[in-house]
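Report on the structure given below.
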Amino acid sequence: MQSTFILSCLAFLALSHQAISMEARIIIAGADTVEAPVVKPATSRCRGCRCDQNVPQHVPSGHGAGKSINFNSGSVSSVLALYPDQSPHNIARKLFPTPSLLKRIKQRFTFAQDLFNREEPSAHRIQLAYQSGRWSTHEGSNVRPSELFLKMFSDVLLCLDRDRLSGFVSPSLIATCGVMPLTILGTISDIMRHYHECIVQAKHEVLVSTFYFGKSEAQRTFSRALVELSKRVEARQKKGKVIVKLIYNHRKWRQIYKNRINIKPDGPEWKRLGLPDTNDIPNLELEVINFHKGLLGTSHSKVLIVDRNIALLNSNNMQGRPNLEMMTHLEGPIVDSFYDMFLISWGNRMNPRLPLLTGRPSSQPRQYRFGPNNASLRNIHVVQYTQDTRATAPREAKTDVGVGVDRHRDGILNSAIATVSTDPEEERHGSWDQHSLNSRPEEPSRMRFPRVKKGMKDLTDALNVGTIRPVDANVPADHVTSDFKSQIIHEEHAEFPIVMVNRPPHGLPGNNDIWVPQNAAWIAGFKYAKKKVFIQTPNLNSYAAVRMCIDTARRGVSVILYLGLGFNDDRQFFQGGTNQQVVIEMYKTLKNFNCQHNLRVYWYIGKDQIRPIPHYIRSRNGHIKFMVIDDSVGIVGSGNHDTQSWFHSQETNVMIDSAQIVQDWMKGVISNQNTELYGRVDTDGIWRDAEGRTANYDDGPKRSKHQSLRALQELKNLCVS
């Protein structure tokens, strides 16, 4: 039995391109084509459904028909409103049938040149992109997105030629507009408090999608919100219940043939998730499904939609982790795009049906409210950690110098790793997760720490929430903390252009097809950037991301990467290398062209720390998924830059065209961590402090036998879960 399992695992690894060495991936960074088998998904039909009349006749294109989107065509949500007894999955495949295998193969090799090459899109393609978006809810509006945004969108549209559902949203809803009253750059607790505030105000329906749903303070906050909502519904003394739908991901063998599994109310899985007993939420209709497309098609989306009025898009799962996370609060027509995406994700028939399917969509003109005038933001209190002493920690200018030179690290240089007991509950409920590994950390050493002011102590306590190993602050006692603000309440602004850039789940191993809107948008950002590309992500090892980082740096554009030291290293062995390996190899490659100064890599460092803490210690992790191009276009959502997010997981992201919002984001990202101050690695890919000491981590691409066996054991855990 064991030998059969081992042979199966070896066959699995042989099929997967993810076992290719990092050196080979760097070599192919100059190639123009990629190779992968193309598998035609089965197409379902709607029995008795006349939704053919709603099929869009005009599809956006580059090489294709050369026509813009017809906004009179149907969407999954609009057709489901007409045929509520049908499943969203069947309607989606009826509206947007998958092209034939031969057509997909032909287009794949024809279009590959367009996504990777440096040719600027023609004026015709840019005009098509402009015509394919609904950039304002006001009739006669002449809102026109920036040229950079339209160039990137034109590349996204190429993907819809090959598969109109490649964006996991109806084509007529992919390009729209909206506003963003709030962004949160803080802990999971900060984000879940806003979840609670939005959920308890629901009048009709609450739709939630998350990757990992485990017993934690985040999960308890969600459950308390449902109980509170049920009480409020009863207090309103109105007929009807609020409908709640929850999607989460937990791999089961039977999901190879049945991707979506309904969870029985009050059953064993229901209780394992820690969901409230149905008797505690009598005024809610809660329906839960477990969605995973075997083997690797993880449902990694993290979204909350309330009353088809607001959408929260965040980077965190519902679990306890010491992460710096990001959440955006969106309103306007973009909410209809999220709504449509959720229906496609849900796939199954709605039981009960959603009351707002036939209700007033968010695309209608409306008066937006900001700050305390927005009902969802009235209880937001901007948390600001202050000190009595003035801030004296200087932000020294960065220079591209050689290895081991003291550039930007001062103060106390001792490690901030404290020895504490591990929370057994968090250990028991760990998930086999490409994005958030729950492995047993090594025992760190006990050390003395300097005394810090109360403001820093409060901040450290907040950052320690959800950690397995709390640590003390090790920054200088007079270090600035007043610029750490979890909540960014954006100033009042008009609607701005937004494109939803998702990827659908792909379960089969070995996929390296870049033809989805998420990947097209990322590649276009690299390709059309003229000054700077900024990325913060836990992992970066996708061959396409590595290639574009190198190509962009070689043509003189600054590439700035905020990565996690050691993030999920045992999982990245099967995906394309660890962050450390990737960074070392990228610098080696760029040195051959004397372009290493155009690449700046930083390890994530918490706001109360001066050194990177390796991920296996589980004390401070950066989990933001964020990209900015030329300080004007931003992409944010659930997608990492690892192989899993690029080629397998279902991801939800938005691309926005607002310099004002992007500026607010960049200010918050930089000020809410010490990554810029202390995290810069040298041009050999190794981080060192002022005394030349490394982060006490594996500084080279070599991998121990123990680590490899451990990674194989994790694969076994996946196969038997």
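Coordinate-derived values only; no laboratory data. Since we're looking at a predicted model, the values are computed, not measured. Methodologically, a virtual Cβ is constructed for each residue, glycine included, from the backbone with ideal geometry; neighbour enumeration extends over all protein chains shown.
At a Förster radius of 41 Å, what calculated FRET efficiency corresponds to the Cβ-Cβ distance of Asn379 and Leu102, to the nearest 0.05?
0.15
Alpha carbon centre of the range 358-381 versus the range 79-138: separation in Å?
The distance from the Cα centre of the range 358-381 to that of the range 79-138 comes to 30 Å.
Between His124 and Ser558, take the C-beta separation as r, use R0 = 51 Å, and let me know the FRET efficiency to the nearest 0.05.
It comes to 0.95.
For the range 590-604 and the range 606-654, what is the separation of their Cα centres, given in Å?
A separation of 19 Å, based on Cα centres.
How charged is the neighbourhood of Pro171? Take every other residue with its Cβ under 11 Å from the Cβ of Pro171, and add Lys/Arg as +1 and Asp/Glu as -1. Intermediate results must be reported in sequence, preceding the final value.
Working: positive: Arg164; negative: Asp161, Asp163, Asp340.
Around Pro171, the surrounding residues sum to -2.
Determine the shape class of the range 244-311: with a ≥ b ≥ c the square roots of the Cα gyration tensor eigenvalues, call it rounded for a/c under 1.5, and otherwise prolate if a/b is greater than b/c, oblate otherwise.
On the way: a/c = 2.64, a/b = 1.30, b/c = 2.03.
Taking the square roots of the gyration eigenvalues as a ≥ b ≥ c, the range 244-311 is oblate.
Which FRET efficiency value, to the nearest 0.05, do you get for Lys588 and Val465 by plugging their Cβ-Cβ distance into 1/(1 + (r/R0)^6) with R0 = 35 Å?
Here the calculated transfer efficiency is 0.35.
Based on Cβ point charges of +1 for Lys and Arg and -1 for Asp and Glu, what charge dipole magnitude is obtained for the range 213-343 about its Cα centre, in debye rounded to the nearest 20? Don't skip to the answer; put the middle values down first.
Numbers: 22 positive and 14 negative charges, 95 e Å.
Here the range 213-343 has a charge dipole of around 460 debye.
Arranged by the count of other C-beta atoms within 10 angstrom, fewest first, what order do Trp515, Trp253, Trp522 take?
Result, fewest neighbours first: Trp253, Trp515, Trp522.
At 0.36 nm per residue, minus the direct Cα-Cα distance, what do His204 and Asp478 gain on full extension? Give it in nm, one decimal, please.
Between His204 and Asp478, full extension yields 93.7 nm more.
Please give the length that would be gained between Lys231 and Thr358 if that part of the chain were fully extended, namely 0.36 nm times their separation in residues minus their C-alpha to C-alpha distance (nm, one decimal). Display every interim value, and only then the final one.
Details: separation 127, 0.36 × 127 = 45.72 nm, distance 2.61 nm.
Working it through step by step, the gained length comes to 43.1 nm.
Provide the net charge surrounding Ser75, with neighbours chosen by a C-beta distance below 10 Å and charges set as Lys +1, Arg +1, Asp -1, Glu -1.
Within the 10 Å Cβ shell, the charges total -2.
Rounded, prolate or oblate: which one fits the range 600-661, using the alpha carbon gyration tensor with axes a ≥ b ≥ c (rounded when a/c is under 1.5, else prolate when a/b beats b/c, else oblate)?
It is oblate, given that a/c is not under 1.5 and a/b is not larger than b/c.
Pop out the ³J(HN,Hα) list for the range 223-240 in order, Karplus 6.51 cos²θ - 1.76 cosθ + 1.60 with θ = phi - 60°, rounded to Hz; leave Gly and Pro as x.
5, 4, 5, 5, 4, 5, 4, 4, 5, 5, 4, 5, 5, 6, 6, 10, 6, x
Could you please report the charge total around Gln201, scoring K, R as +1 and D, E as -1 over all other residues with beta-carbon less than 11 angstrom from its beta-carbon?
0
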